[in-house]
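A short worksheet on the structure shown next.
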Amino acid sequence: MAQSSTTGSIEGTVTDPSGGVVPNATITVSGPNLISPQTATTDDEGRYRILNLPPGRYSVVIGAVSGFGETTRSDVEVNLSKTSSADIQVAIAGQQASVTITDTSGASVDTSQNTTGTNVSSEQFSNFPTQRTVQSLYSIAPTVARSGLRDASGRDRDPSVGGSSGPENNYILDGVNTTDPAFGGSGANLPFEFVQEVEIKTGAFGAEYGKSTGGIFNVITKSGGNEFRGDAFGFFTANSFVRETKNFPFVGSAPNGFSEIDAGFDIGGPIKRDKLWFFGAFNPQRRKNSFLTQTFRVPVESTITTPFYSGKLTYAINQANTFTFSTFGDFTKQEGFLFGSSGFGIDPSSFRGEIQTGGHNYAARLNSTITPTWIGEFAFGLHLQRANTIPEATSAAQSLITDSFAVLRNGAAVGVTGTTLSLGGNPNNLQLAFVDGRGGTIQRGLVRQGFGLITDQDRNRYELQARFQNIIGRHTLKYGFEYNDNQYKIFTRSSGPARTFTDSFGEEVGAAFPATNFPGGARITNNFGVCIVNPANPAQVQCPSAAPTTRLSQAVAGGQGPAGITSVVQAALTPTQLQAGAPILVLTSVRVRDFQLNTGDQSTKTRVESFYIQDDYKLAKNVQFNFGLRWDYQQAFGTNSTYLKLNNFKDNLQPRVGLIYDFTGTGKGKLFVNYARFLETPIPLDVNVRAGGDDIQLDRNANVNRLNAAGANNIIAGSAAGLGCLGCESTPIDPDLKPQTVNEATAGFEYEVVKDLAIGVRGIYRAQGSVIEDGSFDDGHTYFLFNPGESLTDRIARIAPAFDAAGNQIFGDGIGGIGEGFGRGRRYYRALEFTATKRFTNNYQFIASYVYSSLIGNYEGLFRNDNGQSDPNITSLFDLVSLLGNGYGRLPNDRPHQLKFDGSYRTPFKLLIGGSFRGQSGIPFNALIPHPVYGNNEGFGVLRGTAIVPTPNTAINVAGFPNEVDSVGKTRTPTTYNLDLNAYYPIVFSENRQLRFQVDWFNVLNNQRAIRLDETVSINSGISGVANSAANRFVNPFYGRGTIFQFPSSLRLGIKFQF
């Protein structure tokens, strides 16, 4: 009957040698992690329960009672949020006064709850080959998969659980909610040496747990004890320990090795025995990542430093009350070449700077045993997180200028040739320009100067909790209250100076926020169309669409075109022809964007009040019925106004219902079925900033008439279509908006088939309930925050339009729609899960799982894996009706097969060896096409998830830099598999002192398969008002080529002294 996220419990039945129950026996539990022994008395049926136990190993002592001697059961392991079963048979007095029964570690089957997932103790994860932070452990559980989100070193973070996106998880460290308040996902990290245990909840969690529509990752740090214990350790990887990179992306930089040093210490012990304990740890980590830039393949480096720290005090006020205070921090700094940059540019400073993340956390907790059958936990938490991006001074003063296409010749980017001609002879129209790329190759995304977005952010949370648990006969009642205040302060702006533009065509007349004034700097994109010289006629250029044909024809006719070119024609060109031909790039538009988010000296806020009650009712000794209800209320505030309230009692109701049958009657097996509704809480604060108004967001856009937006510029005709100021006013909220929910049904069984080996089978069905997104029914002029397919605005929009006699549309009650809406946001996850867990006995242990699953729908979640958009609840998925085509299909986290194995074996000569294996299907492949307003990668050219990986065009290959894709002709990225091994050897000096030498070998087979492919099949012309047809898009020459690959094989050496 586990009570909280920081403790577990022990329950059992005391019997005599004949099998009769023993009532009124005194039970005492003690252990090195428990500052004050806890006691209980068996009831009339011989049952006992002891709650509020920190994770660890315990001795259970049955005191001598009439006719029976004292009996001890030792090494009963308690896990986070779990109930360990310890049935004990006492001995008859006089025959044997004391009996010691030794248990193995961990409770194989928890018959008190339906929650699915995995618990991993420090004894386990320290023996598995993994990266040395808790983030690397999250994927050990079944149904947990790579989500597409990565950290500053390119390693996976914030995994997908049960088909949900990464930001939908809830992260709890030492009882503190450390989920990123602004975007979701993990807002803190911890190294191994600080951690006692990690619990991964993948579903069916009770009413006491919420704030997640994905999974829950619960971590508890180490405490002190009555004995001084500690570690001094060092781990390192040299660049020479890393194998060479075998595959290189065409777009983006490529990893080129790394070096890492990870050293520190931890110590815990008594300040006063049995009264006051302490624990402290410091673990600075420094990693240097090497990269090769896109196209130029210039070596660059970044350095990431994190001085992890942790501290904890445990104070026994008395035997019934324990107070704990803890703090930990992960201030991280990335310096040099910034991860995610391409490096393909004229000025290296465009990709250099500093990113500051992480922060510090504080938790204060009182665990009270109010009566032997009534306990409480009272907690306060503080999560302080930063997210700052600081460029080098040179690039900070310049506007970011990017060319959509460029030509590489003789190792350098070919310059742009300007003309004095303007389109159609009007000097206020686009000034013509081109790139004569004959003898070169086409490339994407050349950065000419500047940095881009600069940001300073504080993302904080304050929280209070009061949780109670009562045992009343066969009922275990859990109830409580939680309050948290999430705060977000941000100042994001573009690098470079402010700009002003003339408006000779009157495009911005009457606009509330005219795009003639860009006060916060700008990001500029020169959009080029790709043409080629006719192979059969070197004096003629062929262009695939009308726009570049018209522009280049005028330049040639005016005597300012490419040398030797006398004519330009429009021709249907294949991707192979465009990639293999002699390229001529034609400037088609110049797009300027000023994006700014500024809360000033204030913060946006979201407050959440949560209530829950749950009854775990023992219908019989081996049958339990769980029923719980939970409510999460939330209110979102801008800097000066209230934006959003989700306070409806019915809409916030989250039922949790489960039934458990212990078919063994001895706690060795269970059949279970469960239904639960989960609710997204809180809505990430990015919504308050981007949609809440209060003049926080400024997003002005314009198409101007000069290359690089240099000098005096004019806003060209037609640029108001989809431009202007986006999000500068608050997005109206649908009057019947409901919170975002997920419904889950699961059923299965677990059984300890032989001692210490448990197997399980589970079926899972998860269906998206309501979705919160922003959308527009008039193709981008006005937006609503609504539930697609449910809200009032969607229902009205579906009404057929009505017109008066003059042909004017009539609006009013029951009339005035547009005849179409969005339909519901849908996401369906179906899975069959098989597990096997072997506790560490007979010198070996393992955790293994296989999952067969399907994930389909039109809603991925809070993060768009397909195009990388991270704007929770306001992604572009439902922005426009014109974006919906082909959107229903296999979602990006769909992986039909996942196989996992983690294990270790201690040899007879003390050497311990461990292994970790991951095998998983690739993800669905898409053909992403541009939208005329929203730009690239916003639409689906064919049904989502059904595009076929094309045969690579070898004409664009670069010698010495291969890019191999192993799934050509299929509809998925390649299947990947990874094997890691490790070994350590201890030199034992005494019972509590040893020196441990360790080696970890990652990706033993050196597989470097593609895990992501370029899904951009075509690129926007960038010309406002031009129809979004295939004829007006430009083919992406790198479609289907690998963009991210598995990391090369590497070694890590380590040494640890334990005392």
Margin query: I need the phi-derived Karplus couplings for the range 760-768: 6.51 cos²θ - 1.76 cosθ + 1.60, θ = phi - 60°, integer Hz, Gly and Pro marked x.
Written below: x, 9, 9, x, 10, 9, 10, 10, 5
Next item on the list: Give a residue-ordered list of calculated ³J(HN,Hα) values for the range 1042-1058 (Karplus: 6.51 cos²θ - 1.76 cosθ + 1.60, θ = phi - 60°; whole Hz; x for Gly, Pro).
Entry: x, 10, 9, 10, 4, 5, x, 4, 8, 10, 9, 10, x, 9, 9, 10, 10
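I need the calculated FRET efficiency for the pair F236 and A557, taking r as the beta carbon distance and R₀ as 60 Å, to the nearest 0.05.
Details: r = 66 Å, r/R0 = 1.09.
Approximately 0.35, to the nearest 0.05.
Using the reciprocal of the averaged 1/r over all distinct C-alpha pairs, how large is the Kirkwood radius of the range 8-107 in Å? The partial results should precede the final answer.
On the way: mean 1/r = 0.0753 Å⁻¹.
Averaging 1/r across every pair of different Cα atoms and inverting gives 13.3 Å.
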Notebook entry, point to check: What shape does the range 570-661 take by its C-alpha gyration tensor, where a ≥ b ≥ c are the square roots of the eigenvalues and a/c under 1.5 counts as rounded, a/b above b/c as prolate, and the rest as oblate?
Noted result: oblate
Item checked: Sequence-distant residues sharing a close amide H with L880 (under 5 Å, placed H) -> S776
Checklist line | Leading residue at positive end of dipole, the chain (Cβ point charges), from P962, T41, L430 | finding: P962
Note to self: Rounding to the nearest 10 and keeping the result within 0 to 90°, find how far the Cα-based axis of helix 546-557 lies from the longest principal axis of the chain.
What the structure shows: 40
Next item on the list: Amide H neighbours of N937 under 5 Å, at least 5 residues apart or on other chains, H built in the peptide plane: list them.
Entry: I929, H931
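For a test of the definition: using alpha carbon positions, the gyration tensor, and the 1.5 limit on a/c, classify the range 883-950 as rounded, prolate or oblate. Walk me through the numbers before you get to the answer.
Working: a/c = 5.08, a/b = 3.88, b/c = 1.31.
Prolate.
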Check: If each residue's Cβ is checked for other Cβ atoms within 10 Å, how do I88, I271, I913 rank with the fewest at the top?
Finding: I271, I913, I88
Checklist line | Gain upon complete extension [Q602, D966; 0.36 nm per residue less C-alpha separation] | finding: 125.9 nm
Notebook entry, point to check: With each label point set 7 Å from Cα along the Cα-Cβ vector, what nm distance links L792 and R150?
Noted result: 4.6
Margin query: Quick check: pseudo-label points 7 Å beyond the Cα along Cα→Cβ at T455 and I370, how many nm apart are they?
Written below: 4.3
Next item on the list: Count the net charge of all other residues whose Cβ sits under 10 Å from the Cβ of N289, scoring Lys and Arg as +1 and Asp and Glu as -1.
Entry: 0
Notebook entry, point to check: So who's got an amide H within less than 5 Å of the one on A182, skipping anything under 5 residues away but keeping other chains? H placed 1.01 Å off N, in plane.
Noted result: L685
Notebook entry, point to check: Sorting K201, K605 on the 10 Å Cβ count, fewest up front, what's the list?
Noted result: K605, K201
Margin query: If you scale each eigenvalue of the Cα gyration tensor by 5 and take the root, what three semi-axes come out for the range 157-286, rounded to whole angstrom and sorted largest first?
Written below: 32, 27, 10
Notebook entry, point to check: Mind listing which trypsin sites (Lys or Arg not before Pro) in the range 904-965 are in a DSSP loop and have 12 or fewer other Cβ atoms within 10 Å?
Noted result: K910
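Using r as the Cβ-Cβ distance of H897 and H360, and R0 as 41 Å, what FRET efficiency do you calculate, to the nearest 0.05? Walk me through the numbers on the way to the answer.
On the way: r = 41 Å, r/R0 = 1.00.
Given R0 = 41 Å and the Cβ-Cβ separation, E is 0.50.
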Item checked: the range 171-238: chymotrypsin sites (Phe, Trp or Tyr not before Pro) falling in loop per DSSP and having at most 14 other Cβ within 10 Å -> F228
Notebook entry, point to check: Which shape class, rounded, prolate or oblate, goes with the chain when its Cα gyration tensor gives a ≥ b ≥ c as root eigenvalues, a/c under 1.5 marks rounded, and past that a/b bigger than b/c marks prolate?
Noted result: prolate
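Just want the ordering: D779, D156, from fewest to most Cβ atoms lying within 10 Å of their own Cβ. It would help to have the intermediate numbers written out before the result.
Working: D779 16, D156 19.
Ranked by crowding around the Cβ, least crowded first: D779, D156.
Between T420 and A498, what length in nm is gained on full extension when 0.36 nm per residue of separation is reduced by their alpha carbon distance? Present the calculation step by step, with values, prior to reporting the outcome.
Values: separation 78, 0.36 × 78 = 28.08 nm, distance 2.59 nm.
The T420-A498 span can extend by a further 25.5 nm.
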Margin query: If R₀ is 30 angstrom, what is the calculated FRET efficiency for the pair T576 and R409, using the beta carbon separation as r and rounding to 0.05?
Written below: 0.90
Check: Once both labels are modelled 7 Å past Cα along the beta-carbon direction, what's the E123-L1005 spacing in nm?
Finding: 3.2
Notebook entry, point to check: For the range 8-107, what is the percent of antiparallel DSSP beta bridges, rounded to the nearest 5?
Noted result: 70
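Values quoted throughout were computed directly from the atomic coordinates according to the rules given, and no laboratory measurement underlies them. The shown structure was predicted, so the numbers you read here are calculated from the model rather than taken from an experiment. With ideal geometry, Cβ positions are generated from the backbone for all residues, glycine too; neighbour counts draw on all protein chains shown.
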